[in-house]
Amino acid sequence: MPIKKSMIIGFNDFSFDDYCQMLDQLAPEAAAKRDLRLAFVNYEGSRFHALGVLNKTRELQGLADLDLNNADFLWPVVMVLGTYLDKHGIAFDYVNLFQKEKDVLAQKLTSGTINAVVITTTLYVMPHPVQEIVDFVRSFAPEVQIIIGGPYISGLFKAHDRELLGDYLSVLGCDIYINSNEGEDTLRQVLEALNQNRSVIGLSRTAVWDGDTWVFGADEPEYNELKENFVNYKLFEPRGIGRFLSTRTAKSCPYSCAFCGFPQRAGKYRYLSTRDVERELDAVKAIGTVDTLTFLDDTFNVPKQRFREIMQMMIDNQYNFKWNSFYRSDQGDPETIELMARAGCEGVFLGIESASDKMLALMRKTSRRKNYEQAISAFRSVGIATHASFIIGFPGETIDTVQESLDFIETFRPDTFRAQVWYCDPLTPIWNDREKYGITGSGFDWAHDTMDSELAASITERFFLTAQNSTWLPQFGFEQWSLFYLHRQGMEQSNILGYLDGFNAAVKHQLLHGDEVELPASIVDRFRFSAHLPAQSPAVPQSRLSMESATHFKAAEARLRAVAAWLDPQNIGAMLVHTGEQTQTALSWPEGIVNGSDPDVGWIVAFLKHASSILQGSRFVWQHVVKEGSRLIAIDDVDRCSETALYDRVATLLAQTPLLDSHDNYLLSRNSRLGACGIVLCQPVLRVFADNVVAPSSDSGLYMHLLLPGNGQGRVLSNFVRWAPELHTADAQSSLAEQAVFVRVQ
């Protein structure tokens, strides 16, 4: 009788297009949806991330299918779990990438040799990849026991009470769940029980369905020492390990940043000695195929003395692979960085998060701006690539602190960078201070005393749109590791950055003009050149298509900043208003304008007079939206001007004002996009919509819209009223709170 095996399933690279369709259901202003939009291009009728565009372009050009993907390596958790099970006499098999090995998995599930399937959740942030695997396994082997563990499951256990947790577990459809900061030994205990036909109900760190309810075992910590559990690479060599490998020399993290819950979940920081690291690297070298090694340690260069010893050991041993890692900038120096270069380092990931010392202190980070400045300069001097990661919107963030980070990028020029909206996680230390900072909401939908997630999303867009001295690294389907991956495929480093410049330019073009507009030939040509792998020499100069677009965005910001200054010559600031539900007002035709006049101009006159009365102002800017585009028109003395004279002025301005640049239109499309630039208008931009243009049904900021009628009466839509002066006097504190709201939504 064949030995029953446990099947380990590595990573389910959930369909990118399916993921996009899921987020399509979110509101237009949702931060998660807007963040995703910076990572794909509508190309040849579908949405593709950066590596997907290269694959599609190769297909269009009739080139061999290289199947470039961001998970083209043996998944580390497969090796860790497989080694641990083999060490304890438990037979296992594995599928590394679920999407690519479905046929193989189906065959093995129906062979009768598999009694348990182990699903890992290392990178999952939603249930769908897990559910897809569960449904697949059930369809071919309904009797097989399905076991799920990993960070996603542990997060569910920590976030929900038992009753709600049970509902989540039932939806996932698994038989046994492992809730552990590590999990290898718990998995061993579960599989031994199954193999011996013993019950697993009640085992520590598990949840098991017992006919009509979930039974939860004791929540006890688990520690499996690295030095006692080196990966046995020989177990995996028959099927090939390949060129790319990941390893780790430590567990957990010795720091307690306020935005990160990892140290609390992972337990005490433990690390291998230099001699044990040498043993691991010798084993990697013995594989014979690995030329790119990624150290997964969150703080590889901590402690400093051990790290320097490791660097010297790697230099002495002359390993034949390049490597990359995370790097803690306050725990290094130029001498150490010189050792890193000699030891084969080709890139580091810098979790900068903010270049504002104020924000770094609030985040409880030990590094400061000067540490990052010195590190990037030192890495550049020895040829090591730097990637800088930023968080936008952590409690305490303001437009000023954000500008410090953007200025840092432009001044110190990391090779690549990425900014992302802060994720409000109830399992992180900052959650304990939520009342102090006025935090409401969670995930990517939050607000606090100094910012909300919509403004943070607009700021993130601004980083993407305006940075010129560093290359934006798309997040979905493309990471820093992908740079080294493409280099091994034959793409020169300058060509990789050139391709990303073209990809980012394509994203910007579609943000400005819509997804259906044809991409410029210069961008498509860049795609075609970059797709020719490995034959791509010599390196060509970076075309800077995306950088050129950034110049236009900065010019648009300057123009709109001048408009804001014109609206508020005395620099009084935002007026006090009270927001509310949308109201609709029917306008009356201006008495001083005779019949037979241009009706659109007449209704605009009525609109301006109405705005002057409501907003108690004389200077206004209105955006006149027509099918071909829009115009931004400034007009003053509205309150003192007669209707007849105002009619003539409006008619002249409409005739003489050119259509806006697409960059201006983009910034004006959301109030938060103006706020992201630090532009606070003393009143909303008035908007006039031609009768053949569909006006937005709502706006997350303040608005006053005129809907021009094809015939009939003009209508005004708005969502605010002026704050009464007497109420302002009686309740100054409340009025100041309203002013803060106004500034935030603008």
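Out of all the residues in the range 624-656, which are farther than 20 Å from N692 by Cα and hydroxyl-bearing (S, T, Y)?
S642, T644, Y647, T652
Which number in (1) under 26 Å from F136 (Cβ atoms); (2) modelled with pLDDT of 95 or more; (3) not charged (D, E, K, R) marks the one condition that T122 misses?
Failing condition for T122: (2).
If the requirement is being under 26 Å from E237 (Cβ atoms), among the aliphatic types (A, V, I, L, M) and over 25 Å from the mean Cα position of the chain (by Cα), which of these qualifies: L109, L164, L169?
L109
Only one residue in Q312, Q318 is over 29 Å from C424 (Cβ atoms), out of contact with any helix residue (DSSP H, G or I) (no Cβ under 9 Å at 6 or more places or on another chain) and without any contact (Cβ under 8 Å) to a residue 40 or more places away in the chain, so which one is that?
It is Q318.
Matching residues to (1) in contact with a Lys or Arg (Cβ under 7 Å, 6 or more places away or on another chain); (2) over 20 Å from R631 (Cα atoms); (3) at pLDDT 50 or above:
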{"site": "L686", "(1), (2), (3)": "no, no, yes"}
{"site": "S697", "(1), (2), (3)": "no, yes, yes"}
{"site": "G712", "(1), (2), (3)": "no, yes, yes"}
{"site": "N719", "(1), (2), (3)": "no, yes, yes"}
{"site": "R722", "(1), (2), (3)": "no, yes, yes"}
{"site": "L727", "(1), (2), (3)": "no, yes, no"}
{"site": "E738", "(1), (2), (3)": "no, yes, no"}
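Let me spell it out: the conditions are (1) more than 28 Å from I241 (Cα to Cα); (2) of a type in the set (D, E); (3) outside any helix (DSSP H, G or I); (4) touching a residue at least 12 places away in the same chain (Cβ under 8 Å), and D135 meets all of them except one. Which number is the exception?
Just one mismatch for D135, condition (3).
Can you list residue pairs whose Cβ atoms sit under 8 Å apart, with the first residue in the range 547-559 being within 18 Å of A634 (Cα to Cα) and assigned to a helix (DSSP H, G or I) and the second being among the hydroxyl-bearing types (S, T, Y) and modelled with pLDDT of 90 or more? Count only pairs 6 or more apart in sequence or on different chains.
Pairs that qualify, where the first residue is within 18 Å of A634 (Cα to Cα) and assigned to a helix (DSSP H, G or I) and the partner is among the hydroxyl-bearing types (S, T, Y) and modelled with pLDDT of 90 or more, are A556/Y666; E557/T466.
In the range 162-202, which residues are more than 20 Å from Y152 (Cβ to Cβ) and either in contact (Cβ under 8 Å) with a residue 60 or more places away in the chain or of a type in the set (A, V, I, L, M) (or both)?
Of everything in the range 162-202, those that are more than 20 Å from Y152 (Cβ to Cβ) and either in contact (Cβ under 8 Å) with a residue 60 or more places away in the chain or of a type in the set (A, V, I, L, M) (or both) turn out to be R188, L191, E192, A193, L194, N195, V200, I201.
In the set T416, T471, T466, T440, which member is over 30 Å from R528 (Cβ atoms) and among the β-branched types (V, I, T)? Before you say what the answer is, go through the steps one by one.
Values: T416 fails: over 30 Å from R528 (Cβ atoms); T471 fails: over 30 Å from R528 (Cβ atoms); T466 fails: over 30 Å from R528 (Cβ atoms).
T440 is the lone residue from the list that is over 30 Å from R528 (Cβ atoms) and among the β-branched types (V, I, T).
Output the residues belonging to the range 391-416 that are touching a Leu at 6+ places or on another chain (Cβ under 8 Å) and either under 12 Å from M359 (Cα atoms) or of a type in the set (S, T, Y) (or both).
Scanning the range 391-416 gives G393, F394, P395, G396, T416.
Which of the residues belonging to the range 489-520 are out of contact with any helix residue (DSSP H, G or I) (no Cβ under 8 Å at 6 or more places or on another chain) and modelled with pLDDT under 95? Steps first, please.
Initial filter on the range 489-520 (out of contact with any helix residue (DSSP H, G or I) (no Cβ under 8 Å at 6 or more places or on another chain)): 489-490, 492, 494, 497, 510, 514-516, 518.
Hits for the range 489-520 are Q489, G490, E492, S494, L497, G514, D515, E516, E518.
Just for the range 1-34: of the residues that are among the polar types (S, T, N, Q) and crowded, with 19+ Cβ neighbours inside 10 Å, which one is modelled with the highest pLDDT? Let's see the steps before the verdict.
Our first condition is that a residue be among the polar types (S, T, N, Q); within the range 1-34, this holds for 6, 12, 15, 21, 25.
Next, from what is left, pick out any that are crowded, with 19+ Cβ neighbours inside 10 Å: 6, 12.
Details: S6: 97, N12: 94.
Top of the filtered list is S6.
Taking only the range 38-95 into account, find how many residues are free of Cβ contacts under 8 Å to residues at least 24 places away in the same chain and not charged (D, E, K, R).
6
Within the range 112-132, how many residues turn out to be within 14 Å of L85 (Cβ to Cβ) and among the small types (G, A, S)? Let's see the steps before the verdict.
First, the residues of the range 112-132 that are within 14 Å of L85 (Cβ to Cβ): 114-118, 120.
Next cut, among the small types (G, A, S) only: 116.
Residues meeting the conditions: 1.
Name every residue in the range 236-254 that is within 21 Å of F484 (Cβ to Cβ), assigned to a strand (DSSP E or B) and among the small types (G, A, S), in order of residue number.
S246
Here is a list of conditions, (1) in the same structural domain as R328 (by TED's automatic domain parsing); (2) closer than 19 Å to V80 by Cβ; (3) buried (at least 18 other Cβ atoms within 10 Å of the Cβ); (4) small (G, A, S), and G261 meets all of them except one; can you say which number that is?
Status for G261: all satisfied but (2).
Which one of these is in contact with a helix residue (DSSP H, G or I) (Cβ under 7 Å, 6 or more places away or on another chain) and surrounded by 20 or more Cβ atoms within 10 Å (Cβ to Cβ): T292, T336? Can you show your working first?
On the way: T336 fails: surrounded by 20 or more Cβ atoms within 10 Å (Cβ to Cβ).
Exactly one of T292, T336 is in contact with a helix residue (DSSP H, G or I) (Cβ under 7 Å, 6 or more places away or on another chain) and surrounded by 20 or more Cβ atoms within 10 Å (Cβ to Cβ), namely T292.
Can you find even one residue in the range 208-231 that is in contact with a Ser or Thr (Cβ under 6 Å, 6 or more places away or on another chain), in the same structural domain as C424 (by TED's automatic domain parsing) and in contact (Cβ under 8 Å) with a residue 60 or more places away in the chain?
Within the range 208-231, one or more residues are in contact with a Ser or Thr (Cβ under 6 Å, 6 or more places away or on another chain), in the same structural domain as C424 (by TED's automatic domain parsing) and in contact (Cβ under 8 Å) with a residue 60 or more places away in the chain.
What residue, among those in the range 102-156 that are aromatic (F, W, Y) and buried (at least 19 other Cβ atoms within 10 Å of the Cβ), is nearest to S15 (Cα to Cα)?
Per the criteria, the residue is Y124.
Only one of I439, I430 is touching a His at 6+ places or on another chain (Cβ under 8 Å), under 21 Å from A361 (Cα atoms) and among the hydrophobic types (A, V, I, L, M, F, W, C); which?
None of the other options fit; the residue is I439.
Please state which one of A447, A456, A378, A361 is surrounded by fewer than 16 Cβ atoms within 10 Å (Cβ to Cβ) and among the aliphatic types (A, V, I, L, M). Lay out the reasoning, then the answer.
Details: A447 fails: surrounded by fewer than 16 Cβ atoms within 10 Å (Cβ to Cβ); A456 fails: surrounded by fewer than 16 Cβ atoms within 10 Å (Cβ to Cβ); A378 fails: surrounded by fewer than 16 Cβ atoms within 10 Å (Cβ to Cβ).
When all the criteria are applied, what remains is A361.
The values are calculated or read from the model by the stated rules, or taken from the named source; none is laboratory data. Keep in mind that what you see is a predicted model, and the values were worked out from it rather than measured. So basically every Cβ, Gly included, is an ideal-geometry build from the backbone, and we count neighbours across all protein chains shown.
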